[in-house]
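Below you will find the structure I want to go over with you.
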Amino acid sequence: MGLRNISNEIIAEIESGLSREEIFQKHVKSNPSGALKYAYCIASIPTPALRKQYLTTNGLLSILLVIYAVITVLAELPININEPTIFILIKTVLPLIFSYFVFRFHGGIYRLIGLWCLYDLLENILLTGVATIADALRLLILFFVIVLTFYIAKKVFPSLKVLGVKKDSSGNYFL
């Protein structure tokens with residue numbers, strides 16, 4: 001069973017009133033080898049109260065990622081087809097993919113977005129600087145994306161780390 005199917009099943013169980021711990025125990029009982037996968041899926045789903053509280057901030061982040069993708073294309077115009085354009089494509093499509101996962105409120109992606117954008121921010125500052133208004137706007141948007149992703153990750157998904165789920169001192173997963 002894939003992560004999407006597991007997540008959809010867990011969301012339905014949360015909406016039916018089961019606690020996260022009960023859901024985890026139920027799934028681990030039927031498949032003990034998938035404990036990490038189930039813990040990750042449960043920790044990646046925000047509680048309804050947190051989802052409602054951070055919905056506006058999350059929407060702003062999603063919009064900023066789309067705007068960043070558009071500005072990246074505009075900053076590269078005119079595109080010379082004779083030169084490699086794969087990096088322009090990656091820097092445009094990846095924020096759009098991130099925006100989809102942010103829109104879906106998937107907790108596992110926020111810290112990765114922050115790290116990717118931090119790398120992109122440093123790369124832009126060191127390699128290109130602020131030559132045009134588009135570059136300055138792109139750097140400003142990147143800064144806000146980094147701040148928002150780490151803020152949402154810390155507040156809404158405190159049980160997750162960059163890759164995986166945090167454990168307590170006795171080895172149990174935080175859900």
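The values are calculated or read from the model by the stated rules, or taken from the named source; none is laboratory data. Since this is a predicted model, take the numbers as computed values, not measurements. Note that each Cβ is placed from the backbone with ideal geometry, even for glycine, and that neighbours are counted across all protein chains shown. Keep in mind that these areas ignore ligands, DNA and RNA; they rest on the heavy atoms of the full protein, side chains included. Shrake-Rupley method; radii C 1.70, N 1.55, O 1.52, S 1.80 Å.
Please give every one of the lysines within straight-line cross-link reach of Lys166, meaning a C-alpha to C-alpha distance under 19 Å, and leave out same-chain neighbours fewer than 8 residues apart.
Those lysines meeting the cut-off are Lys37, Lys154, Lys155.
If packing is taken as the average number of other Cβ atoms within 10 Å across a peptide's residues, how do 151-160, 3-12, 101-110 rank, most packed first?
Working: 151-160: 17.7, 3-12: 14.4, 101-110: 20.3.
Per-residue mean Cβ counts within 10 Å order the peptides as 101-110, 151-160, 3-12.
Let me see the P(r) profile for segment 1-90: every Cα-Cα distance counted, bins of 10 Å, each bin given as a percent of all pairs.
14, 30, 20, 19, 14, 4
Which listed residue (Pro32, Ala49, Val130) has the Cα farthest towards the positive end of the charge dipole for segment 27-139, taking +1 on Lys and Arg C-beta and -1 on Asp and Glu C-beta about the Cα centre?
Looking along the dipole axis, the top candidate is Pro32.
Here's a follow-up. With N residues in the chain, what two-decimal value do you get for its Cα radius of gyration over 2.2 N^0.38 Å?
Rounded to two decimals, the normalised Rg is 1.20.
Which of Val162, Ile141, Leu60 sits farthest toward the positive end of the charge dipole of the chain, with +1 on the Cβ of Lys and Arg and -1 on the Cβ of Asp and Glu?
Val162
I'd like to compare 43-51, 58-66: which one has the highest average count of other Cβ atoms within 10 Å, and what's the full order after that?
58-66, 43-51
Additional query: In debye, nearest 20: dipole of the chain around its Cα centre with unit charges on the Cβ of K, R (+) and D, E (-)? Please list the in-between numbers first.
Values: 16 positive and 11 negative charges, 114 e Å.
With Lys and Arg at +1 and Asp and Glu at -1, about 540 debye.
Could you work out how far apart the two model spin labels at Ile90 and Lys155 are, taking each label as a point 7 Å from the Cα in the direction of the beta carbon, and quote it in nm?
The two pseudo-label positions are separated by 3.2 nm.
Here is a follow-up. Give me the percent of accessible area attributable to carbon and sulfur for segment 26-94, probe 1.4 angstrom.
Carbon-and-sulfur percentage of accessible area, whole number: 69.
Follow-up question, since we're still on this one. If each DSSP helix of 4+ residues adds -39,500 (n - 2.57) and the sum is divided by the residues in the chain, what number results at 222 nm, nearest 500 deg cm²/dmol?
The helix-only estimate for the chain comes to -22000 deg cm²/dmol at 222 nm.
Taking R0 as 22 Å, what's the FRET efficiency between Asp168 and Glu15 from their Cβ-Cβ distance, rounded to 0.05?
Here the calculated transfer efficiency is 0.25.
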